[in-house]
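Data block below; observations after.
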Amino acid sequence: MITTKHLVPDLRKVPIEWVFETYCKLNERLHGQDVNIKSIFNPSERTPSMYIYFCKQKNNYKFKDFSTSRGGDALTLITEMYGISRGEAASKVIRDYNEFVLHNNGGYDIAEFKKYSKYQVSMFKTRDWNTLDVKYWSQYNIGSGLLEHYNVKPLALYEMEKEQDGDTKKLKIEGEYIYGYFKKDGSLYKIYQPKVEKKKFLKVKQYIQGSEQLKNNDLLFIASSLKDGMCLKNMFKKYDFIAPDSENTMIKKDQLESIMSRYSRVYIIFDNDEAGRASTEKYLQRYPNIKPIYLDIEKDVADAVKKHGYMNTFKRIKELA
């Protein structure tokens, strides 16, 4: 017999796991793990770039879609999926969940929660530069002087480890085309592996790239990556640049405002794709005095230098600025 005793009156009674499992059509139950899926907002996506992850700070599940720069809590997921307000989204979730309860006669049993740890970099070893490194970076007109100035070093290997079921699991990664991005104090904040299809970047620490090299040159670029920033620095030697951890990461308000206060003009030049434009708009909404540059000859600055040359890219950016 169908019972109504498990019907819920408000959103607080709806399991967050059910929301993500149902609307994202997950093929596994959420019980503390992170899940990587193809973007539900980008049907043409081939490589999964959307993550359903457990946020330890909020003690709840959230999502991040790197292909469209969308992210947030369960209610944000529904507002983005259906183009409705948060109030309408809450009503929809309650209605859909109660319908689920009636059809399943008892509702939803939350899976037993497990604590999952994540791999973290535990060790790395630098090496000398070689001809392969020179060939790779010279495509972008980036030489040893810039790499040294921004503390980029080649890595021979790095190790990662995590605790799992009482044991320590370790991974060792070695090979060519592995680069460490370092702060001036020698601490590693990011690993860059340009030849790896997935996980080209491995974040180790929070850091505003380029922030330790600022000279207060009056004009500032906010670039999408350290590589793009170095390309820009090569073209505009009297300009400074910074870059967030990724386009999808907003630099903290107090930090960015402190940096921008030193400059008369600030440009933002992120990737000219859906995710990059969406991230640009977020910055412009918060900081309307920033001027956007949408580079229209390639997706990003580095690719433009590689395919069209240093001078042509320089001229096009000047035309757009």
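Does the stretch 110-136 hold any residues that are under 24 Å from the mean Cα position of the chain (by Cα), in a loop (DSSP other than H, G, I, E, B) and under 18 Å from residue 173 (Cα atoms), and which are they?
Once the filter is applied, which keeps residues that are under 24 Å from the mean Cα position of the chain (by Cα), in a loop (DSSP other than H, G, I, E, B) and under 18 Å from residue 173 (Cα atoms), the stretch 110-136 yields 118, 119.
For residues in the stretch 110-137 being hydroxyl-bearing (Ser, Thr, Tyr) and modelled with pLDDT under 80, which is farthest from residue 148 (Cα to Cα)? Before you say what the answer is, go through the steps one by one.
Restricting attention to the stretch 110-137, the residues satisfying the condition of being hydroxyl-bearing (Ser, Thr, Tyr) are 116-117, 119, 122, 126, 131, 136.
Remaining after also requiring modelled with pLDDT under 80: 116-117.
Numbers: 116: 38, 117: 34 Å.
Looking at residues that are hydroxyl-bearing (Ser, Thr, Tyr) and modelled with pLDDT under 80, I get 116.
Only one of (1) buried (at least 17 other Cβ atoms within 10 Å of the Cβ); (2) closer than 24 Å to residue 100 by Cα is not met by residue 82, so which one is it?
Of the numbered conditions (1) buried (at least 17 other Cβ atoms within 10 Å of the Cβ); (2) closer than 24 Å to residue 100 by Cα, the odd one out for residue 82 is (1).
If residue 22 passes every condition in (1) farther than 23 Å from residue 274 by Cβ; (2) of a type outside the set (A, V, I, L, M); (3) surrounded by 18 or more Cβ atoms within 10 Å (Cβ to Cβ) but one, which one does it miss?
It is condition (3) that residue 22 fails.
Tell me whether the stretch 105-125 contains one or more residues that are out of contact with any Ser or Thr (no Cβ under 9 Å at 6 or more places or on another chain) and closer than 21 Å to residue 302 by Cβ.
no
Tally time: how many residues in the stretch 267-284 are surrounded by fewer than 20 Cβ atoms within 10 Å (Cβ to Cβ) and either of a type in the set (Lys, Arg) or modelled with pLDDT under 95 (or both)?
6
May I ask you to list pairs of residues, at least six apart or on different chains, whose Cβ atoms are under 6 Å apart, with the first in the stretch 129-149 being within 17 Å of residue 176 (Cα to Cα) and the second being surrounded by 11 or more Cβ atoms within 10 Å (Cβ to Cβ)?
129/154; 132/176; 133/154; 139/306
Can you tell me which residue among 73, 133 is closer than 30 Å to residue 312 by Cα and in contact with a strand residue (DSSP E or B) (Cβ under 6 Å, 6 or more places away or on another chain)?
Checking each option against the conditions leaves just 133.
With the condition kept exactly as written, say whether any residue in the stretch 98-115 is hydrophobic (A, V, I, L, M, F, W, C) and either free of Cβ contacts under 8 Å to residues at least 60 places away in the same chain or closer than 30 Å to residue 229 by Cβ (or both).
Among the residues of the stretch 98-115, not one is hydrophobic (A, V, I, L, M, F, W, C) and either free of Cβ contacts under 8 Å to residues at least 60 places away in the same chain or closer than 30 Å to residue 229 by Cβ (or both), which makes the answer no.
Taking residue 202 as meeting all but one of (1) without any contact (Cβ under 8 Å) to a residue 60 or more places away in the chain; (2) in the same structural domain as residue 175 (by TED's automatic domain parsing), write down the number of the exception.
(1)
For the stretch 46-78, name all the residues that are under 18 Å from residue 18 (Cα atoms) and charged (D, E, K, R). It would help to see each step written out before you state the result.
Step one: list which residues in the stretch 46-78 are under 18 Å from residue 18 (Cα atoms), which gives 50-55, 58-64, 71-78.
Passing the criteria: 58, 62, 64, 73.
Identify the single condition in (1) exposed (fewer than 13 other Cβ atoms within 10 Å of the Cβ); (2) on the phi < 0 side of the Ramachandran plot that residue 182 does not satisfy, given that it satisfies every other one.
Condition (1) is where residue 182 drops out.
Output yes when any residue across the stretch 163-184 is more than 28 Å from residue 135 (Cα to Cα), touching a residue at least 24 places away in the same chain (Cβ under 8 Å), among the acidic types (Asp, Glu) and in the same structural domain as residue 275 (by TED's automatic domain parsing), and no when none is.
For the stretch 163-184, residues more than 28 Å from residue 135 (Cα to Cα), touching a residue at least 24 places away in the same chain (Cβ under 8 Å), among the acidic types (Asp, Glu) and in the same structural domain as residue 275 (by TED's automatic domain parsing): absent.
For residue 30, all conditions in the list (1) crowded, with 19+ Cβ neighbours inside 10 Å; (2) closer than 21 Å to residue 249 by Cβ; (3) in contact (Cβ under 8 Å) with a residue 24 or more places away in the chain hold save one; what is the number of the exception?
The failed condition is (2).
Residues in the stretch 237-249 that are free of Cβ contacts under 8 Å to residues at least 40 places away in the same chain and surrounded by 13 or more Cβ atoms within 10 Å (Cβ to Cβ): how many? It would help to see each step written out before you state the result.
Step one: of the stretch 237-249, the residues free of Cβ contacts under 8 Å to residues at least 40 places away in the same chain are 237-244, 249.
Checking which are surrounded by 13 or more Cβ atoms within 10 Å (Cβ to Cβ) leaves us with 239-244, 249.
Summing the residues that are free of Cβ contacts under 8 Å to residues at least 40 places away in the same chain and surrounded by 13 or more Cβ atoms within 10 Å (Cβ to Cβ) in the stretch 237-249 gives 7.
Quick one: residue 79 ticks every box in (1) touching a residue at least 12 places away in the same chain (Cβ under 8 Å); (2) touching a Gly at 6+ places or on another chain (Cβ under 9 Å) bar one, so which box is it?
(1)
On the basis of being within 16 Å of the chain's Cα centre (by Cα), surrounded by 14 or more Cβ atoms within 10 Å (Cβ to Cβ) and not polar (S, T, N, Q), does residue 173 make the cut?
no
The values are calculated or read from the model by the stated rules, or taken from the named source; none is laboratory data. On a predicted model such as this, the values are computed, not experimentally measured, just so you know. Quick reminder, even Gly has a Cβ in these numbers, built from the backbone with ideal geometry, and neighbours come from all protein chains shown.
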